[in-house]
Amino acid sequence: MTPLTEPGLHALGIADLGRRLRSGDLTATGLTEHFLERIAAIDPTINAFVTVTAERARADAARADRDLAAGRDRGPLHGIPYGLKDIFETAGLPTTCQSKIMRDHISTEDAFVETKLKAAGAVLLGKLATHEFALGGPSWELPFPPARNPWNTDHFTGASSTGSGAAVAAGLVCFALGSDTSGSVRGPACHCGTFGLKPTYGLVSRRGAFPLSYALDHIGPLAWTAEDTALVLEAIAGFDPLDPASVDRPAVDYTSGIGQGVAGLRIAYPRGFFAEGCDVEVLAGLDRAAALFTDLGAGVREIELPDFSLFNACGRTIMIAEGYTIHENDLRTRPQDYGRYTYQRLVMGAAITAADLVQAHRLRRELAIAVDRAAFRDHDVMLTACTLAPPVRLDVFPAHWPPPKQASATHTIPFNVTGHPALSVPAGFTADGLPIGLQLVGRAFDEATLFRVADAHERVQDPSSAAESQPTAQSSSISPRSPGRSRAM
């Protein structure tokens, strides 16, 4: 039996933990206690959790152990601990959206993805911090404090799946789910040094996740490796007739390309799309990745895309118009209960006209076609920036919107607009020890190729690049997450 305090459990991937659970070397109960102890020790520093569901977690773990003992194996996530961004409905538990508006809301049913994770035998450790209604920004006037970046707690986690990125990076969960409307899975993944996937639009049901934009919302996983992220996607993907955007497609083995390398693949590299204004260390990381893929046998070629400002204007017009529609009644009757950031962003939707919205949807289609022609007519994958800068300090955020430009330097919204799958991949660290990343984009419903390319990149990363990057603003006594890449705490 593994001791509850075995130091390396949080350093193992989902597949490795699964093998130990099935061999009897480890129990789900022991694994869960390890993570609960770790949350108690570390989370007061980073505020990743809004609610820790210890009682539910122990019940989930006991059930997972009984099932395995009886020969009922529910798949790769059986007995694996996870967390949910606190916009996902979870029956009998609070779902607050980090807002005074929802502070006392208790869910009566599960979100579709939570139903899938229960069926997969996973163990829920709790609900994770978000920006208010997945939109606002890091704010100290909300019911719960903002999450902090585990690599340096003075720094931002990047976009609204803030607790999800922090919890995975600090080894408080094996994986987490977030939502992504303009980059809120990929931004925290990039800034916290994890993998984060925005799946193809329609692949994962949004039902039971509090909406921000019906046209742009996606649900996706954050995890520590490409393989782990693929395993989670396999569990949560699937047709949901109650989500109008859900697409009915056959099940896919998203791990099929793991270990196959990139030889023979064609990779598009739109360097001009992001190079202007890109931080020198981030740009160097992207150029290194392009050279690495070439060395591994892929064909890398520069391409041109439409100007980023078109994607940005299109996506933000749709997001704010739809967000205002969702919140209109509360904005009129309870404006004082919103955080300043959220209110100032949402209320702009009142000024968007029907003509603005129609034109944005027309442009959306044109941009999707342009990306398919430029990137995927002759290429398998596109390599581009995820964020243009490393995570900024939290104290750059003022008391009103908008914050300084560098605080929101994500380059992710184009693929919410087009619906293509996009994966944030760790790409090393700055000289100051802050994570940087890259973004891989694929053809619709070809997530398997993204994981193949990401895995190839992951396998050849220099472990010392992470081992030399130690936390600077929190205790360094916490053991690292992974033998290959150290955890943030």
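Go through (1) assigned to a strand (DSSP E or B); (2) under 28 Å from GLY163 (Cα atoms) and name the single condition ALA268 misses.
Answer for ALA268: the failing condition is (2).
Within segment 343-353, identify whether any single residue is more than 25 Å from ALA159 (Cβ to Cβ), in contact with a strand residue (DSSP E or B) (Cβ under 8 Å, 6 or more places away or on another chain) and either at pLDDT 95 or above or outside any strand (DSSP E or B) (or both), and answer yes or no. Outline the logic, then answer.
If we filter segment 343-353 for residues that are more than 25 Å from ALA159 (Cβ to Cβ), which is where we start, we get 353.
Subsequent filtering for residues that are in contact with a strand residue (DSSP E or B) (Cβ under 8 Å, 6 or more places away or on another chain) retains none.
No, segment 343-353 contains no residue that is more than 25 Å from ALA159 (Cβ to Cβ), in contact with a strand residue (DSSP E or B) (Cβ under 8 Å, 6 or more places away or on another chain) and either at pLDDT 95 or above or outside any strand (DSSP E or B) (or both).
Looking only at segment 373-400, how many residues end up being within 23 Å of LEU450 (Cα to Cα), more than 23 Å from the chain's Cα centre (by Cα) and touching a residue at least 12 places away in the same chain (Cβ under 8 Å)?
Selection size over segment 373-400: 5.
Of all residues in segment 276-288, how many are modelled with pLDDT of 95 or more, surrounded by fewer than 17 Cβ atoms within 10 Å (Cβ to Cβ) and not basic (Lys, Arg)?
Number satisfying all stated conditions: 3.
Considering only residues of segment 222-265 that are hydroxyl-bearing (Ser, Thr, Tyr) and surrounded by 16 or more Cβ atoms within 10 Å (Cβ to Cβ), which is nearest to SER161 (Cα to Cα)? Even if it seems obvious, please write down each step before you answer.
First pass over segment 222-265, keeping only residues hydroxyl-bearing (Ser, Thr, Tyr): 225, 229, 246, 254-256.
Of the ones still in play, those that are also surrounded by 16 or more Cβ atoms within 10 Å (Cβ to Cβ) are 225, 229, 246, 254-255.
Working: THR225: 18, THR229: 16, SER246: 22, TYR254: 23, THR255: 24 Å.
So, considering only residues that are hydroxyl-bearing (Ser, Thr, Tyr) and surrounded by 16 or more Cβ atoms within 10 Å (Cβ to Cβ), the one nearest to SER161 (Cα to Cα) is THR229.
Is there a residue being surrounded by 18 or more Cβ atoms within 10 Å (Cβ to Cβ) and assigned to a loop (DSSP other than H, G, I, E, B) anywhere in segment 48-58?
yes
Given the criterion in a loop (DSSP other than H, G, I, E, B) and either touching a residue at least 60 places away in the same chain (Cβ under 8 Å) or closer than 19 Å to PRO211 by Cβ (or both), identify the matching residue among THR130, THR115. Explain how you work it out, then say what you get.
Working: THR115 fails: in a loop (DSSP other than H, G, I, E, B).
Result of the check over THR130, THR115: THR130.
Look at LYS118 and say whether it is surrounded by fewer than 20 Cβ atoms within 10 Å (Cβ to Cβ) and under 21 Å from the mean Cα position of the chain (by Cα).
Details: surrounded by fewer than 20 Cβ atoms within 10 Å (Cβ to Cβ): yes; under 21 Å from the mean Cα position of the chain (by Cα): yes.
It is true that LYS118 is surrounded by fewer than 20 Cβ atoms within 10 Å (Cβ to Cβ) and under 21 Å from the mean Cα position of the chain (by Cα).
Could you check how many residues of segment 241-286 are acidic (Asp, Glu), under 30 Å from LEU310 (Cβ atoms) and free of Cβ contacts under 8 Å to residues at least 12 places away in the same chain? Break it down stepwise before answering.
From segment 241-286, those acidic (Asp, Glu) are 243, 248, 253, 276, 279, 281; that's our starting set.
If we keep only those that are under 30 Å from LEU310 (Cβ atoms) too, we end up with 243, 276, 279, 281.
Next cut, free of Cβ contacts under 8 Å to residues at least 12 places away in the same chain only: 276.
Looking only at that region, the number is 1.
Does segment 281-291 contain any residue that is in contact with a helix residue (DSSP H, G or I) (Cβ under 7 Å, 6 or more places away or on another chain), part of a helix (DSSP H, G or I) and under 17 Å from LEU440 (Cβ atoms)? I'd like the intermediate steps shown before the answer.
The first filter runs over segment 281-291 and keeps only residues in contact with a helix residue (DSSP H, G or I) (Cβ under 7 Å, 6 or more places away or on another chain), leaving 289.
Cutting the leftovers down to part of a helix (DSSP H, G or I) gives us 289.
Now narrow it down to the ones that are under 17 Å from LEU440 (Cβ atoms): 289.
The answer is yes, given that some residue of segment 281-291 is in contact with a helix residue (DSSP H, G or I) (Cβ under 7 Å, 6 or more places away or on another chain), part of a helix (DSSP H, G or I) and under 17 Å from LEU440 (Cβ atoms).
Which numbered condition trips up ALA466, out of (1) hydrophobic (A, V, I, L, M, F, W, C); (2) surrounded by fewer than 21 Cβ atoms within 10 Å (Cβ to Cβ); (3) modelled with pLDDT under 95; (4) not in a loop (DSSP other than H, G, I, E, B)?
Tallying (1) hydrophobic (A, V, I, L, M, F, W, C); (2) surrounded by fewer than 21 Cβ atoms within 10 Å (Cβ to Cβ); (3) modelled with pLDDT under 95; (4) not in a loop (DSSP other than H, G, I, E, B), ALA466 fails exactly one: (2).
On the basis of being modelled with pLDDT under 95 and under 10 Å from the mean Cα position of the chain (by Cα), does ALA159 make the cut? Even if it seems obvious, please write down each step before you answer.
Values: modelled with pLDDT under 95: yes; under 10 Å from the mean Cα position of the chain (by Cα): yes.
For ALA159, the condition - modelled with pLDDT under 95 and under 10 Å from the mean Cα position of the chain (by Cα) - is met.
All but one of (1) within 26 Å of LYS127 (Cβ to Cβ); (2) part of a loop (DSSP other than H, G, I, E, B) hold for ILE258, so report the exception by its number.
Failed condition: (1).
Going by the conditions given, is GLU141 at pLDDT below 95, more than 23 Å from ILE42 (Cβ to Cβ), out of contact with any Leu (no Cβ under 8 Å at 6 or more places or on another chain) and in a loop (DSSP other than H, G, I, E, B)?
Details: at pLDDT below 95: yes; more than 23 Å from ILE42 (Cβ to Cβ): yes; out of contact with any Leu (no Cβ under 8 Å at 6 or more places or on another chain): yes; in a loop (DSSP other than H, G, I, E, B): yes.
For GLU141, the condition - at pLDDT below 95, more than 23 Å from ILE42 (Cβ to Cβ), out of contact with any Leu (no Cβ under 8 Å at 6 or more places or on another chain) and in a loop (DSSP other than H, G, I, E, B) - is met.
Applying the selection to segment 348-407, what residues are touching a Lys or Arg at 6+ places or on another chain (Cβ under 8 Å) and farther than 28 Å from PHE445 by Cβ?
The answer is LEU394, ALA399, HIS400, TRP401.
So in segment 343-360, with the set limited to residues that are surrounded by fewer than 19 Cβ atoms within 10 Å (Cβ to Cβ) and in contact with a Ser or Thr (Cβ under 9 Å, 6 or more places away or on another chain), which one is farthest from ILE320 (Cα to Cα)?
GLN359
With respect to THR96, determine if the residue is surrounded by 19 or more Cβ atoms within 10 Å (Cβ to Cβ) and in contact with a strand residue (DSSP E or B) (Cβ under 7 Å, 6 or more places away or on another chain). If you could, list the steps in order and put the result at the bottom.
Details: surrounded by 19 or more Cβ atoms within 10 Å (Cβ to Cβ): yes; in contact with a strand residue (DSSP E or B) (Cβ under 7 Å, 6 or more places away or on another chain): yes.
Spelling it out, THR96 is indeed surrounded by 19 or more Cβ atoms within 10 Å (Cβ to Cβ) and in contact with a strand residue (DSSP E or B) (Cβ under 7 Å, 6 or more places away or on another chain).
Restricting attention to segment 171-200, report how many residues are in contact with a Phe, Trp or Tyr (Cβ under 9 Å, 6 or more places away or on another chain), within 24 Å of ARG249 (Cβ to Cβ), assigned to a loop (DSSP other than H, G, I, E, B) and not polar (S, T, N, Q).
The number of residues fulfilling the criteria is 1.
If you check ARG332, ARG362, which single one turns out to be over 26 Å from the mean Cα position of the chain (by Cα), over 27 Å from THR200 (Cα atoms) and of a type in the set (Lys, Arg)?
On the way: ARG362 fails: over 27 Å from THR200 (Cα atoms).
Just a single option satisfies the conditions, and that option is ARG332.
Run down ALA245, ALA298 and say which single residue is touching a Gly at 6+ places or on another chain (Cβ under 9 Å) and under 21 Å from SER184 (Cα atoms). It would help to see each step written out before you state the result.
Working: ALA298 fails: under 21 Å from SER184 (Cα atoms).
ALA245 is the lone residue from the list that is touching a Gly at 6+ places or on another chain (Cβ under 9 Å) and under 21 Å from SER184 (Cα atoms).
If you take the residues of segment 397-433 that are hydroxyl-bearing (Ser, Thr, Tyr) and not in a helix (DSSP H, G or I), which of them is modelled with the lowest pLDDT? Give the steps one after another, and end with the answer.
First pass over segment 397-433, keeping only residues hydroxyl-bearing (Ser, Thr, Tyr): 408, 410, 412, 418, 424, 430.
This time we only want the ones that are not in a helix (DSSP H, G or I), so: 410, 412, 424, 430.
Working: THR410: 93, THR412: 98, SER424: 98, THR430: 97.
It comes out as THR410.
Sort through GLY83, GLY79 and tell me the only one that's assigned to a strand (DSSP E or B) and either at pLDDT 95 or above or surrounded by 24 or more Cβ atoms within 10 Å (Cβ to Cβ) (or both). I'd like the intermediate steps shown before the answer.
Numbers: GLY79 fails: assigned to a strand (DSSP E or B).
That would be GLY83, the only listed residue that is assigned to a strand (DSSP E or B) and either at pLDDT 95 or above or surrounded by 24 or more Cβ atoms within 10 Å (Cβ to Cβ) (or both).
The values are calculated or read from the model by the stated rules, or taken from the named source; none is laboratory data. This structure is a prediction, so every number in the text was calculated from the model and none was measured. Quick reminder, even Gly has a Cβ in these numbers, built from the backbone with ideal geometry, and neighbours come from all protein chains shown.
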